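The values are calculated or read from the model by the stated rules, or taken from the named source; none is laboratory data. Since the structure is predicted, the reported quantities are computational estimates derived from the model, not experimental observations. Counting neighbours? That spans all protein chains shown, and the Cβs are built from the backbone with ideal geometry, glycine included.
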C-alpha cells in the first residue's frame, strides 16, 4: 500500500468493506465448494433470496464473484480465488491472537474458586443448645 494515492486507498477500503459482513463471508465460503444459485445460497445461509441477491451484487461489483446464466437461473462462482489466501491469512492471524490470549489466561483457570468474604466486623455465632 506504499505511496498509493487517496483514490486508490478508497478503493482498497471499499474492497475490505465488502468482506466485512459475515453473510458475505459465508457466501464466499460456500462458493469455494462449487458454483451456486441464489436459491441454494439463501437456503444454506438461512436468508431471504433478496438479501442474498444484494450481497452477491456487492461481491460482483468488487470482482470477487462472477455471474453465469444457465437456462433460467444465474449461478455464482468465485471470480478471484486469491480471496481465499487473504481470508486464510486473516483467519490464521485471528487464531494466533486467540491462542495467545488463551495462553495468557490459562494460569487463572487453575486457581480455585474464590470464597466470598464474611461480613466485616461480624462474628459468626454458632447455633448451640444450652
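Specify which of the listed residues (28, 41, 19) is buried (at least 16 other Cβ atoms within 10 Å of the Cβ), touching a helix residue (DSSP H, G or I) at 6+ places or on another chain (Cβ under 8 Å), touching a residue at least 60 places away in the same chain (Cβ under 8 Å) and assigned by TED's automatic domain parsing to the domain that holds residue 74.
19
Only one of 3, 57, 53 is surrounded by fewer than 17 Cβ atoms within 10 Å (Cβ to Cβ) and touching a helix residue (DSSP H, G or I) at 6+ places or on another chain (Cβ under 8 Å). Can you tell me which?
From the options 3, 57, 53, the qualifying one is 53.
Read through the list (1) within 17 Å of the chain's Cα centre (by Cα); (2) loosely packed, with under 13 Cβ neighbours inside 10 Å; (3) within 21 Å of residue 88 (Cα to Cα), then give the number of the only condition that residue 12 fails.
Here residue 12 meets the rest and fails (1).
Restricting attention to region 1-22, and to residues there that are assigned to a helix (DSSP H, G or I) and more than 25 Å from residue 55 (Cβ to Cβ), which single residue is modelled with the lowest pLDDT?
Top of the filtered list is 6.
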